[in-house]
Each structure stands twice: as C-alpha cells, then as structure tokens.
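The values are calculated or read from the model by the stated rules, or taken from the named source; none is laboratory data. What you see is a predicted model; the values in this text were computed from it and never measured. Every residue, glycine among them, receives a Cβ derived from its backbone with ideal geometry; neighbour counts consider all protein chains shown. With ligands, DNA and RNA removed, areas are computed over all heavy atoms of the protein, side chains included. Shrake-Rupley method; radii C 1.70, N 1.55, O 1.52, S 1.80 Å.
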Amino acid sequence: MAPATEVSTVTDTQAQLQLNSTPINHALSDVVKTDDWSDFAFRPIRESTVSRAMTSRYFHDLDKFAVSDVVIIGCGSSGMSAAYVIAKNRPDLKVAIIEANVAPGGGAWLGGQLFSAMVMRKPADLFLNELEIPYEDEGDYVVVKHAALFTSTVLSKVLQFPNVKLFNATAVEDLVTRPAGPNGEITVAGVVTNWTLVTQHHDDQCCMDPNVIELSGYKNDGTRDPSKKHGVVLSTTGHDGPFGAFSAKRIVAIDTNKKLLGMKGLDMNNAEAGVVKGAGSYSGVESMYFAGMEVAELEGCNRMGPTFGAMAVSGIKAGEEILKHFAN
C-alpha cells in the first residue's frame, strides 16, 4: 500500500492535469475561433459618433438634474452609503452626487497607512450583509479583505439606480442660499459647481464663472412653491484638506451663530459614536445636512483613524433623516 503522502501527490497531479486539459471559456469564446485571435475585429465606428454618444448623454443629465431633490457633496464612504439608502427607498427622488476627484470613493480605497484591509466595528457589518460583501468576523469587529471591495461594491450599486447621477471631476464652489423667514433665517437652495480643474486655477486665469444645481421646491420665478417638498443638500466632504470640510467652513460664514470647532485628536471609541450621532440636519441653516468626517470638523469630534464603521453608518443615519424629511 502506497504511503499517504504519495497518494496525495498523485491525486494532486491528476487534479492539475484535469485543470490543464479543461477548455478555456470566456465571454468572447463564441466570437474568437482562432488560437492567435487573427479573426477578431471590433465593429466599425466614427470618431464623431463617440463624441456625440458622450456629450449628448452628459448634457442630458445636466439638464435633468439641474433641479435635484437631493444633492450630495462628496462621493466617499458616507456619501455613497447615504445615496444608497435614499435612492433605494425613494426611486422618485432625483439624487445628484458631486465629487471633486476623478475617482469617487474618497479615502475608502485603502485602510490605514495605505494597507489593504478595511476594519468595521459591529453593527456596521449589517450594512455589509445587505450589500453581500464578504468579511472575516473577529467578534466585535469585522475585516473586509480589501477596502476597494467595499467601495467598488457600494459605488456600483449606487450608480445602477436610475434616479442617481454622479458628476465627478466637479467641485462645489459655493452654496446657493435664500431667505427663509422674517428674522434672517436662511435656507440652502442649491450648490454652485465648476469643473475641478477650473476651480484649481481661478488664481492664474481670467474669470471662469460657475454653474448651478438648484434644489427642488421653487416656482419658475424663483419663489418658494409651498405645494412641493423642499430639496436638501448633504455634505460629506471629509476632514480638512484641499476640498475637505468645504461646506462646514462655508456654513459657519453664513450662520454667524456657529463656529467651526475643528477635529480633535484620535480616539476611536468616542470618535465613531460622535460622528454618527452628529450626522444629519444642521439646525442653523435649513435644508442642510452633514455626514462623515465633516461632522468631526463642524462639531469638534475626535478623529477615528483607520476604522470605517462610522463612515457608512453616519451616511445611513443622514439618509434616514432625509427620507423622513420627504415623507413628512
């Protein structure tokens, strides 16, 4: 009788030979019949056809979302999570996401210090379950093998909603505001946008005026339409940086009763709880909401470091508050 190790080696060899002999199959197997792909060809197209295919759809979207029910500034983990909750529950609402970078996702493509794994404390794992994202369960926390798996999954699901449009490589330069009462009350009525590359070069080029996305709830003459629900802006631009905490900085200039408290030192336990509890509507200016690390800058919460549960959950909480606004 052969030793167990020898039997195992033979079995492994047979299995490998079987795999080697398995026909290769892929999406183009029925199209390509030659080993050297000499029979492969794309369908013909004109260069102008490509240009028209892109520009016609983009400008159609600009027109469609010129008035939006929800404008989300920033497409990081909290912004995407909020967009998912809102779009899934209310397919009738138009949701425009404005992202300054070419690549959406914010800092959620990697974990801490450029490491791959993403750590989320429970009960954020319930969101991963809904998204069908696999993870390792470590008791009080879970680990997604690569942060990019989380980000790409949420992003792909959000972009499949027909009522969502992502305008990336687009910066928000200001907020549109209007009077909201007799005592100086203010409401946010939209966002001022521009190409990010233009925004970065206002100091070395001549005047390059922006564009605007207006919130729903107004008549054609610009006055408030009380028969329609007022739209909202959710800002999730992260902590201080080149485009970070933009709305938090702007809102304290608009609301003189508020000061920017600034993000405090790292404390994971206090930070994540503070960011989630602070996410939602801003009391000083109507129709304005915050989520993610921008809450820490606005409210003086601690930074949390490389743990991502509060990013997703704060977006979910803000999304829930926005859904309640439209339901009432």
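Here segment 67-327 has 53 percent of its accessible surface on carbon and sulfur atoms, given a 1.4 Å probe and all protein chains in place.
Given a cut-off of 32 Å, name the pairs among Lys64/Lys264; Lys259/Lys317; Lys64/Lys277 whose C-alpha atoms lie farther apart than that in the structure shown. Going by Cα-Cα distance, Lys64/Lys264; Lys64/Lys277 fall outside the 32 Å limit. Considering helices alone, the calculated mean residue ellipticity of the chain at 222 nm is -11500 deg cm²/dmol, with DSSP H runs of length four and up weighted by -39500 (n - 2.57) and normalised per residue. Taking the centroid of alpha carbons for each part, segment 233-275 and segment 157-174 are 22 Å apart. Rounded to whole numbers, the Karplus 3J(HN,Hα) couplings from phi for segment 270-275 are 6, 5, 5, 5, x, 5 Hz, using 6.51 cos²θ - 1.76 cosθ + 1.60 with θ = phi - 60°, and x at Gly and Pro. A simple rule links phi to the HN-Hα coupling: the Karplus curve 6.51 cos²θ - 1.76 cosθ + 1.60 with θ = phi - 60°, which for segment 144-151 gives 7, 4, 8, 4, 5, 5, 5, 5 Hz, with x for Gly and Pro. As a rough guide to protection, the peptides 78-87, 61-70 ranked by mean Cβ packing within 10 Å, highest first, stand as 78-87, 61-70.
Expressed in whole Å with the largest first, what are the equivalent ellipsoid semi-axes of segment 63-163 derived from the C-alpha gyration tensor as the square root of 5 times each eigenvalue? Present the calculation step by step, with values, prior to reporting the outcome.
On the way: eigenvalues 142, 48, 18 Å².
One finds semi-axes of 27, 15, 10 Å for segment 63-163.
Which is the longest run of the chain containing none of the GluC sites (Glu not before Pro) found in DSSP loop states (not H, G, I, E, B) with at most 16 other C-beta atoms within 10 Å? Maximal segment without exposed cleavage sites: 186-328. Its Cα gyration tensor gives segment 67-327 an equivalent ellipsoid; the semi-axes, largest first and in whole Å, are 29, 20, 19.
Which trypsin sites (Lys or Arg not before Pro) in segment 219-328 sit in a loop by DSSP (not H, G, I, E or B) and have at most 13 other Cβ atoms within 10 Å of their own Cβ? Qualifying residues, ordered by number: Lys219, Lys228, Lys259. Using θ = phi - 60° in the Karplus curve 6.51 cos²θ - 1.76 cosθ + 1.60, the 3J(HN,Hα) couplings for segment 84-95 round to 4, 5, 5, 5, 5, 7, 10, x, 7, 8, 8, 10 Hz; x is entered for Gly and Pro. Need one word for segment 143-188: rounded, prolate or oblate. Basis is the Cα gyration tensor (sqrt eigenvalues a ≥ b ≥ c); a/c below 1.5 gives rounded, then a/b vs b/c decides. It is prolate, given that a/c is not under 1.5 and a/b is the larger ratio.
Per residue, the chain exposes 56 Å² of accessible surface when a 1.4 Å probe is rolled over the protein heavy atoms with every protein chain present. Within segment 67-327, antiparallel bridges make up roughly 50 percent of the DSSP beta bridges whose residues both belong there. What the Kirkwood sum gives for segment 106-220 is a hydrodynamic radius of 17.9 Å, with every pair of different alpha carbons counted.
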